[in-house]
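Participant: Here it is, the structure, as structure tokens.
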Amino acid sequence: MKRLAQGMRTAGLLLLTAAVLAACGGEAAPPPEPGFTLALNPDQLTLVPGGEGAGLTLTLTPHDGFTGAVELRLEAADGTAAPAGLHLSPERVEVAGATAQLTLDLAADLTVAPDVLDLRLQGRAAEATAATALTLTVASGTGASWTPRSVALRAVAYEADRFVAVGASGALLTSPDGADWTLHAADGYPRLNGVVYGDGAFVAVGDAGAVLTSADGEAWSPRTSGTTRNLLGVAYGGGVYLAVGEGGAVYTSADGAVWDQQVSGTDQELRSVAYGNGVFTAVGSGGAVLTSPDGRVWTTQDAGTSAPLSAVAYGDGGFVAAGFRGALLTSPDGATWTARDAGTSYNLSAAAFGGGRYVVVGDGGAVLSSADGASWSLHRTGGYHALAGVAYGGDVYLAVGEGGAVFTSSDAATWARRPRGTRDSLNAVIADGGGFLAVGYGGAVVASTDGADWTERAPASGYSLYGAVRGPGAYVAVGAGGTVLSSPDGEAWTSRRSGTYDDLSAVAYGNGVFVAVGYGGQVLTSPAGETWSKQDSGSYRWLQGVVFAAGRFVAVGQEGTLISSPDGANWTAHTSGTYRDLNAVAYGGGLFVAVGDGGAVLTSPDGETWTLRDMGADASFFGLAYGAGGFVAVGSEGAVYTSPDGATWTAAERPTDEWLYAVAYRPGTFAAVGRDGVILTSP
């Protein structure tokens, strides 16, 4: 026991000694180091390359007295470099001791490929670091997906208190009254040729067997028709949806979702179909007329004409059919037909019945109306648009057609134009301050402040316009027969004497001078766009495009022509290495790029030495623009290609089958224009 007690006293003394030593001379725990934490809201984000950036809220919380500058940068989650082409702003924040909160802007160039990226935001100070996670989804970039803004409308239907119009580039629009329209998503859809309402759903049909259904005309679901033939018309009756098209194609469906092929007994193209009095009646090329009680068993009828028929409608106890060069027929049952006098030789494209009247529309803005189908009155919409669809609803007759044209009437006689683009082909488009301005055939001028809504302005000239530019204090447009116009605002235009009758293809501004180029190597210059002087380009070939950048004008043209000038007066020819026509030239990212026929593309760092590239395209290109870190080229049959550097090109899904003639860029948006007034924007 003594030994145990003594041992315990010894251990206690040792512990007491250690404690005293620690209190008097041992090491204390170090104080916490100043630092900070980071948090992002949201921490998941989607970006469109080339589009406008997205905002992130960063919260930086200091601790233990931290102050000073923190450098910010994006990294991959494993600490390696983030993909090139991502831009973060700002990249530095000052911390004064309290929690700092700020908005970061994150944007992606066209060079960033679609992907889901696991990233982290890294903050670095002199003696502290912190990071927070960010999941970034990179969608298809600007130039990869396009939205139709003004395209040819092919058909229209009314039900459920709204009009639904469909057309080229998969256009899908709705309106409560025919005046105010809303465009709905149509990504990847082909041209739509017909639309009908029945049994609580809209059904639209189109090229390559396209079928779409919608309960409200706004949200659409693609369906499988079972064919790749173009479907041109659709009707509903007797509990059946029925679509007709190329090669005598007939397809039926009970719900719009599941379709069955039927045998029509003809290989003629069927362009339109209607239902009435228990009978489907289809019409088409060669004067074809077929009838069926159920859409399955068909009988060929003799309409007494070989004229192609494009339209059929039912109303007031009978059918009306119309077509080529004013062909007009009526029938009580679809079997026995009587020819009527249309009073016009215009092609007739669509028919409808409503408000006690038959209404037929066609080329040249022609409108026919009749109360009985026997006696017809000819009216005009006031424009020369080719009309392709007509419907009646809400006490309004509504006709649609080329260039997105929309006309409304209360009596089918007097029509009002609703501003939606233009019927005329558009040859050039420029970024106009915060918006766009486009010019085209017949002096057409359309403009937009946002790229979404376009307004047709008074024609600037009776001559077609091929090029436009905005300089300090003046717009200048050039075109056919040496046309030169100037305007202070893009609305009121004044014709100027150019001194030539040769067509002028393009115009640019730089170094205090306007330069216009055109047929036969024509070059004109002007200090203010009013008085013009001829210059010697040294070329006799048609010059198609011109741009000013990096201190020089560069013009391109037929058979690979490439010339440059510091002032528009003194020109030097350069070797292109190709005999293909070059149609457009642009500058960006320290590089000139020219594009042309057969997919020709060349690049140059200085406008003098050019390298021929392989675009890998089977199209010809007429428009080119640079923006958001990349080039976008547009051309024949809706071809669109994008490139980060002018050397490597990627084909985008064709947004239209119309030819595209020009493209321009303003921050966040490309706009492309072309034949029949087509206008597209991306994203």
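Throughout, read-outs are computed from the coordinates displayed, never taken from laboratory work. In this text the structure is predicted, and so the values were computed from the model without any measurement. With ideal geometry, Cβ positions are generated from the backbone for all residues, glycine too; neighbour counts draw on all protein chains shown.
Participant: Could you check how many percent of all C-alpha pairs in the stretch 338-451 are farther apart than 19 Å?
Facilitator: Cα-Cα pairs in the stretch 338-451 separated by more than 19 Å: 49 percent.
Participant: In Å and whole numbers, how far do the C-alpha atoms of the chain stretch along each principal axis, longest first?
Facilitator: Principal axes ranked by extent give 133, 83, 42 Å for the Cα atoms.
Participant: Normalising by the residue count of the chain, find the relative contact order in percent from Cα pairs under 8 Å and 6+ residues apart.
Facilitator: 9
Participant: How high is the FRET efficiency between Asp618 and Ala100 when r is their beta carbon distance and R₀ equals 56 Å, given to the nearest 0.05?
Facilitator: Working from the Cβ atoms, E equals 0.55.
Participant: Tell me, Kirkwood radius of the stretch 35-138 from alpha-carbon pair distances, in Å?
Facilitator: It is 13.9 Å.
Participant: Moving on to the next point. D for the stretch 371-514, whole µm²/s, Stokes-Einstein with Kirkwood Rh over alpha-carbon pairs at 20 °C and 1.002 mPa s: what number?
Facilitator: The estimated diffusion coefficient comes to 127 µm²/s.
Participant: What number do you get for the stretch 150-418 when its Cα radius of gyration is normalised by 2.2 N^0.38 Å, N = residues?
Facilitator: For the stretch 150-418, the normalised Cα radius of gyration comes out at 0.89.
Participant: For the stretch 444-560, treating each Cα as an identical point scatterer without solvent, what Debye log10 I(q)/I(0) comes out at q = 0.15, 0.19, 0.21 1/Å?
Facilitator: -0.62, -0.96, -1.14
Participant: What is the magnitude of the charge dipole of the stretch 426-682 about its Cα centre, with +1 placed on the Cβ of each Lys and Arg, -1 on the Cβ of each Asp and Glu, and no other charges, expressed in debye to the nearest 20?
Facilitator: My answer is approximately 480 debye.
Participant: Ranked highest first by average number of other Cβ atoms within 10 Å, how do 271-282, 126-137 line up?
Facilitator: Answer by packing, highest mean first, reads 271-282, 126-137.
Participant: Let me ask another. Using alpha carbon coordinates only, what is the Rg to Rh ratio of the stretch 120-268, with Rh defined as the Kirkwood radius?
Facilitator: Radius of gyration over Kirkwood radius for the stretch 120-268 works out to 1.24.
Participant: How charged is the neighbourhood of Thr224? Take every other residue with its Cβ under 14 Å from the Cβ of Thr224, and add Lys/Arg as +1 and Asp/Glu as -1.
Facilitator: Local charge sum for Thr224: 0.
Participant: Next up: Shape call for the stretch 208-247 from the C-alpha gyration tensor, a ≥ b ≥ c root eigenvalues: rounded (a/c under 1.5), prolate (a/b greater than b/c) or oblate?
Facilitator: It is oblate, given that a/c is not under 1.5 and a/b is not larger than b/c.
Participant: With label points built 7 Å along Cα→Cβ from the Cα atoms of Val258 and Ala185, find their separation and express it in nm.
Facilitator: A separation of 2.7 nm, rounded to one decimal place.
Participant: Give me, ordered by chain and number, the residues 5 or more places off Thr648 or on other chains with an amide H under 5 Å from its own placed amide H.
Facilitator: none
Participant: Something else: Calculated from DSSP H runs of 4 or more alone, at -39500 (n - 2.57) each and per residue, what is the 222 nm mean residue ellipticity of the chain, nearest 500?
Facilitator: -1000 deg cm²/dmol
Participant: May I pose another question? Expressed in nm to one decimal, what extension gain is obtained for the pair Ala54 and Ser306 from 0.36 nm per residue of sequence separation less their Cα-Cα distance?
Facilitator: Here the segment from Ala54 to Ser306 would lengthen by 84.7 nm.
Participant: From Cα pairs below 8 angstrom and at least 6 apart in sequence, can you work out the relative contact order of the stretch 35-138, rounded to a whole percent?
Facilitator: After rounding, I find 38 percent.
Participant: Now, a different point. So for the stretch 506-646, what percent of the C-alpha to C-alpha distances run longer than 28 Å?
Facilitator: Percentage above 28 Å: 12.
Participant: Give me the Kirkwood hydrodynamic radius of the stretch 426-682, using the inverse of the mean 1/r over all pairs of distinct Cα atoms, in Å to one decimal.
Facilitator: Every distinct Cα pair counted, the radius reaches 17.6 Å.
Participant: Go ahead and run the numbers for FRET between Glu491 and His87, Cβ-Cβ distance against an R0 of 30 Å, rounding to 0.05.
Facilitator: My answer for the efficiency is 0.25.
Participant: Something else about it: Specify the angular offset, from 0 to 90 degrees and rounded to the nearest 10, of the alpha carbon long axis of helix 2-24 from the longest principal axis of the alpha carbons in the chain.
Facilitator: Approximately 70 degrees, to the nearest 10.
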